[in-house]
Amino acid sequence: MALIGLVRVSTDKQKTQRQHDALDPICLKVFEETISGKLATDDRPALLDALSYLRDGDMLTVQEVDRLGRNLLEGLIVLNDLFQRGIAVKVLEGIAAGEHTERSLILDLALALSEDRRRDIVRKTRNGLEAARLRGRVGGRPPVVDDDKRAAILDRRRRGESIRTIAAGVKVSVGVVHKTLAAAEAPPSPLIGSTATVPVTASVDQAHEGDHDDDEGHALLPPVPVQERALEEPAAGNESQAARALRTVARLGPDWATDDNDVLWWRREMRAGSVSPAWPGTGWTARTAQHIPITTGAGKRGAYPSRIKALTAVAADFEARRRARTEHADVALDGAPGWRLRQTQADHDRHRWNVVAPTGEIAGTVTRAGWHDQAWEATAGDPATRHYYPVPVQPIGDEPGRSSAEGCWRTRNAAALAVARWHDPA
């Protein structure tokens with residue numbers, strides 16, 4: 001039996017050392033993620049990697065039960081999945097401390113208390129910000145732009161520098177530059193019987209979960225239908241506020257557009273991800289729509305040399321995920337009642353089919369061998385296991401359907417039938 005650890009924090013500014021100090025000495029391997037615990041399980045890659053790594057007899061270990069999820073429903077889904085696979089959970093601290101092999105009242109209570117505690121923090125923070133606002137005081141996180149940065153932004157703009165050049169030079173986001181310039185150009189609005197105050201910039205979710213793309217706390221608005229424009233920067237002072245809403249990214253094609261916060265949208269209706277200047281340092285950082293960093297081949301964050309290359313990486317990652325979800329074909333398997341062959345768009349690109357058992361589980365795959373026109377490779381696994389371990393299925397002797405290529409089958413149907421027989425020899 002091995003202990004496999006899971007460490008989770010919500011933002012890059014939070015520290016994981018306390019959890020590592022508790023887990024590293026006792027765990028064979030520790031997986032770490034920087035993502036909100038309120039997200040669905042499928043949107044948490046590190047958690048999925050930990051679940052895939054677990055073997056029979058292993059135990060998933062967390063310091064506190066809310067590391068599995070700050071949402072009661074998602075936490076229960078994770079626990080049920082583990083217990084159904086025979087994997088125990090070890091909690092080191094809190095009211096649920098101990099080893100658990102099945103759902104219990106104490107686990108449900110611990111997750112419910114965790115969700116309620118977060119909801120209480122959100123409520124108190126919102127009330128505190130509102131009370132401060134009524135008294136004319138500024139609440140939330142401190143302003144990003146002080147007097148020196150504001151003067152630098154306005155001076156650079158007067159010299160004709162582009163928005164993005166200013167943002168990189170002053171080390172703020174593009175959205176902050178836009179807001180600063182808009183505030184400088186807008187006429188002051190008179191307030192009757194009150195004193196003007198600076199608006200609160202931080203939302204409650206940002207204060208506690210940090211699940212937004214840029215570090216300045218701007219709300220991301222959904223795209224609005226506007227006239228498409230090219231990516232190039234406009235001349236100084238010639239861009240209206242309405243025209244800034246979305247711009248077509250010419251190098252990516254008509255389906256792609258960005259907004260003021262450098263969020264990339266697909267067909268102006270689906271958020272694909274975002275990019276931002278890497279600071280401190282040089283380059284650009286790319287993130288998915290779930291705020292997961294997209295690394296380069298070297299695995300480095302902020303290593304994209306230009307904005308357009310970071311946007312290209314976001315588009316490529318989104319397209320790969322979209323194609324992996326888009327169904328391309330679904331046909332019955334001849335000779336095996338109840339079995340089917342299914343294929344997503346991504347599978348079609350790889351000349352691969354999924355062999356689906358009558359239970360609906362993926363029992364294996366068949367793939368066309370690239371070196372031979374009449375050669376299909378087959379792999380099988382346990383359809384009752386969520387993350388099956390592929391096993392090559394090869395012809396034995398003069399088995400019907402055998403290809404002249406070694407270890408392959410002559411047709412797709414023969415390879416798929418071999419997968420079905422591997423699961424049900426009778």
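The values are calculated or read from the model by the stated rules, or taken from the named source; none is laboratory data. All values reported here derive from a predicted model rather than from experimental measurement. Here the Cβ is made from the backbone with ideal geometry for all residues, glycine too, and neighbour counts use every protein chain on show. Heads up: the accessible areas ignore ligands, DNA and RNA and are worked out on the full protein's heavy atoms, side chains in. Shrake-Rupley method; radii C 1.70, N 1.55, O 1.52, S 1.80 Å.
Structure notes:
- Criterion (open to solvent by 60 Å² or more (accessible area, probe 1.4 Å), modelled with pLDDT under 90, under 25 Å from the mean Cα position of the chain (by Cα) and under 30 Å from A278 (Cα atoms)) met by exactly one of R321, R386: R321
- Yes/no for G94 being modelled with pLDDT under 80, within 30 Å of I4 (Cα to Cα) and assigned to a loop (DSSP other than H, G, I, E, B): no
- Of R150, R133, R85, all but one fail to be surrounded by fewer than 18 Cβ atoms within 10 Å (Cβ to Cβ), of a type in the set (D, E, K, R) and within 28 Å of L48 (Cβ to Cβ); the exception is R85.
- Selection of the range 92-114 for residues being open to solvent by less than 50 Å² (accessible area, probe 1.4 Å) and at negative phi yields A96, H100, S104, L107, D108, A110, L111, A112, S114.
- The set of residues in the range 403-426 being touching a helix residue (DSSP H, G or I) at 6+ places or on another chain (Cβ under 9 Å) and among the hydroxyl-bearing types (S, T, Y) consists of S403 alone.
- Residue satisfying condition, being closer than 18 Å to T411 by Cβ, in a strand (DSSP E or B), open to solvent by 10 Å² or more (accessible area, probe 1.4 Å) and of a type in the set (A, V, I, L, M, F, W, C), within set A378, A329: A329
- Residue check for R251: part of a loop (DSSP other than H, G, I, E, B), at negative phi and either modelled with pLDDT under 80 or in contact with a Leu (Cβ under 8 Å, 6 or more places away or on another chain) (or both): yes
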